[in-house]
Amino acid sequence: MTKSNEVLIFDTTLRDGEQSPGATMTHDEKLEIAEMLDDMGVDIIEAGFPIASEGDFQAVSEIAKLAKSATICGLSRANYKDIDRCWEAVKHAKSPRIHTFIGTSPLHRAIPNLDMDEMAERIHDTVTHARNLCDNVQWSPMDATRTEWDYLCRVVEIAIKAGATTINIPDTVGYTAPVESADLIRNLIATVPGADDAIFATHCHNDLGMATANSLAAVEGGARQIECTINGLGERAGNTALEEVVMALKVRGDIMPYTTKIDTRKIMNISRRVATVSGFAVQFNKAIVGKNAFAHESGIHQDGMLKNRETFEVMKPEDVGLAGTSLPLGKHSGRAALRAKLNELGFDLADNQLNDVFVRFKDLADRKKEVFDDDLMALVTQNDAEDDRLKLKSLRVICGTDGPQKADMVMEVDGSEVETSATGDGPVDATFNAVKAIFPHGAGLQLYQVSAVTEGTDAQATVSVRMEEDGRIATGQSADTDTVVASAKAYINALNRLLVRREQSEPGYDVKGVSYKDA
Ligand code: KIV
Ligand code: ZN
């Protein structure tokens, strides 16, 4: 395969990202993120793991139907049942791909208890099976970076001969380093017969903080597909961050002459949306998308920036979709100004959605002199849905130094109002106890996180809440100038989503004890 300088971007936010504990997204959220990925120019979207659950299967099928230009890929283990299910989901896409994998390192070979020859045979059979269904097949030797190099060459050759069109080399545990990452890909391309018939991909995890560097090094070694997620979402320390590799290639094209199709101006919006729906806030000093990535606080920096912005900036905020600092809105701003501002921020709302946001905006502007871009983002990205079973009607909390704190709450439960009072160790605890008294449930609180949207004592607080019940996880978010109100709404939001999951949930497909050839 001729090595062009174009690097394909394979986004796995909806599979490897969503797989990270607590990052589960709803069906609609997955569809929305997929549309945003497609729209920003991602080449391949790994939309999920179809055999994992009916929900995953439905999400992958629908994303396959709606994708306009991206290739839609589903993940499958190395058995026929997984692969068939994956094909059933992706086959609707204009450009479908089956991704099948098996762990090839000594530690991973021990799990299915296969020796090297047995594993090689299984790779041959499963890739052949996938290729008989679909022309576009990706194969991954999981934990490739801890697999013996000669064995890796052997199985990569088998996969290519069996019809794999992309060979992905995962650094599953974030163990490799840039020099090794480049060498490994270079060595595979140089030594595996038929390597030219496939595209080599790199898939890095960030356990040692080297995922971006390792991915770029792999490109230097000959890889032409980078697997990544928005905000670096993913298990443990996450995956390679899409925004980092894409902007590194764009800014340092002088020494890394590779291109991607990504419209980088769409980065900020999708980053914010993924942070909201996953409940994984972006750290302030995160490269490219962190709140401080383009902030210049110190006097020396500000002085330099005013004289020439390049003094302390290697890229323009507009390049990643950060609107230039325009004036905040206030309580006299009308619907047209709000719509214009939201368009500038990348939101194209239908009239009824705009009406809802306008009501919330007026309410906020009454309480807060200036409504900044970040305030608006928080308003637009509230997660409440019309058909939520639980709604907060009113909340009054009595606080004091001699506790316990007391929360008087009215909630609507399935259309009827219920009132209660509860005490707790602090205002938030009292509030959550009130919700529990009104709507008893066994869900555990896994995460409670508060952050200020803007500066000042009248700033809105964004609260994220993650809850777990019988292995099902849901995240809720809300923003309000009153931290306790935001907390109550986020908690209720998480509960609503958990209730939806409770209704929808069904066991995943169990392939244990099934021969890998059983369909
Ligand atoms: O990290 C990994 O090895 C994976 C594979 C399934 C590709 O995510
Ligand atoms: Zn991974």
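The values are calculated or read from the model by the stated rules, or taken from the named source; none is laboratory data. Worth saying up front: this structure is predicted, and the values here are computed from it rather than measured. Because the Cβ atoms are built from the backbone with ideal geometry, glycine has one as well, and the counts that use them run over all protein chains shown. These accessible areas exclude ligands, DNA and RNA; they are computed on the full protein's heavy atoms, side chains included. Shrake-Rupley method; radii C 1.70, N 1.55, O 1.52, S 1.80 Å.
The table below lists the values:
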| read-out | value |
| --- | --- |
| Rg(Cα) / (2.2 N^0.38 Å) computed for segment 108-247, rounded to two decimals | 1.01 |
| Alpha-carbon centroids, segment 27-60 and segment 192-269: separation in whole Å | 20 |
| Under 15 Å from the Cα of Lys391 - aspartates and glutamates, other chains or at least 8 residues apart | Asp408, Glu412, Asp414, Glu417, Glu419 |
| Principal semi-axes in Å for segment 325-381 [√(5λ), Cα gyration tensor, largest first] | 15, 13, 10 |
| Segment 366-430 versus segment 127-187: alpha-carbon centroid distance in Å | 51 |
| Too-long pairs where the Cα-Cα distance tops 32 Å, listed order kept, from Lys30/Lys286; Lys261/Lys517; Lys286/Lys369; Lys81/Lys489 | Lys261/Lys517; Lys81/Lys489 |
| Using θ = phi - 60° and Karplus 6.51 cos²θ - 1.76 cosθ + 1.60, couplings along segment 427-441 (whole Hz; Gly, Pro as x) | x, 6, 4, 4, 5, 5, 5, 5, 4, 5, 5, 6, 10, x, 7 |
| Ordering of 430-437, 360-367, 387-394 by packing [mean C-beta count within 10 Å, highest first] | 430-437, 360-367, 387-394 |
| Highest-first arrangement of 408-417, 7-16, where packing means the average Cβ count within 10 Å | 7-16, 408-417 |
| P(r) weight above 20 Å for segment 202-269, C-alpha pairs, percent | 23 |
| Residues with amide H under 5 Å from that of Met142, placed H, sequence gap 5 or more | Ile102, Gly103, Thr104 |
| Farthest toward positive dipole pole in the chain [+1 Lys/Arg, -1 Asp/Glu at C-beta], among Met268, Thr165, Asn493 | Met268 |
| Extension reserve of the Asn343-Glu455 stretch, reckoned as 0.36 nm per residue once the Cα distance is removed | 38.0 nm |
| Nonlocal amide H pairs with Ile169, under 5 Å, H built at 1.01 Å | Ala201, Thr202, His203 |
| Estimated FRET transfer efficiency when R0 is 41 angstrom, pair Asp207-Gln504 (beta carbons, to 0.05) | 0.80 |
| Sequence-distant residues sharing a close amide H with Gly48 (under 5 Å, placed H) | Leu75 |
| Segments 257-267, 172-182 sorted - mean Cβ within 10 Å per residue, highest first | 172-182, 257-267 |
| Residue-wise HN-Hα coupling along segment 218-230, computed from phi with Karplus coefficients 6.51, -1.76, 1.60 (Hz; x: Gly, Pro) | 4, 5, 4, x, x, 5, 10, 9, 10, 9, 7, 9, 5 |
| Normalised convex hull volume, segment 253-293, alpha-carbon set, Å³ per residue | 96 |
| Global size of the chain as Cα Rg and Dmax, reported in angstrom | 24.7, 76 |
| Of all accessible heavy-atom area on the chain, the percent that carbon and sulfur account for (1.4 Å) | 51 |
| About the Cα centre, charge dipole magnitude for the chain (Lys/Arg +1, Asp/Glu -1 at Cβ), debye | 560 |
| Heavy-atom accessible area per residue - the chain, 1.4 Å, Å² | 44 |
| Nearby aspartates and glutamates by direct alpha-carbon distance to Lys331 (threshold 15 angstrom, same-chain neighbours under 8 apart not counted) | Asp363, Asp366, Glu370, Asp373, Asp375, Asp458 |
| Helical contribution to [θ] at 222 nm, DSSP H n ≥ 4, -39,500 (n - 2.57), averaged over the chain, rounded to 500 | -12000 deg cm²/dmol |
| Neighbour-limited loop hits for trypsin sites (Lys or Arg not before Pro), segment 47-118 (at most 15 other Cβ within 10 Å; DSSP other than H, G, I, E, B) | Lys68, Lys91, Lys94 |
| Debye intensity ratio I(q)/I(0), log10, segment 418-498, q values 0.12, 0.17, 0.21, 0.26 Å⁻¹ (C-alpha model) | -0.33, -0.64, -0.93, -1.25 |
| Signed unit charges on C-beta, dipole axis of the chain, positive-most listed residue Met256, Asn214, Leu329 | Leu329 |
| Calculated SAXS-style log₁₀ I(q)/I(0) at q = 0.20 Å⁻¹ - segment 350-481, Debye, Cα scatterers | -1.42 |
| In sequence order, calculated HN-Hα J values of segment 170-180 (Karplus, 6.51, -1.76, 1.60; Hz; x Gly/Pro) | x, 9, 4, 10, x, 9, 6, 9, x, 4, 5 |
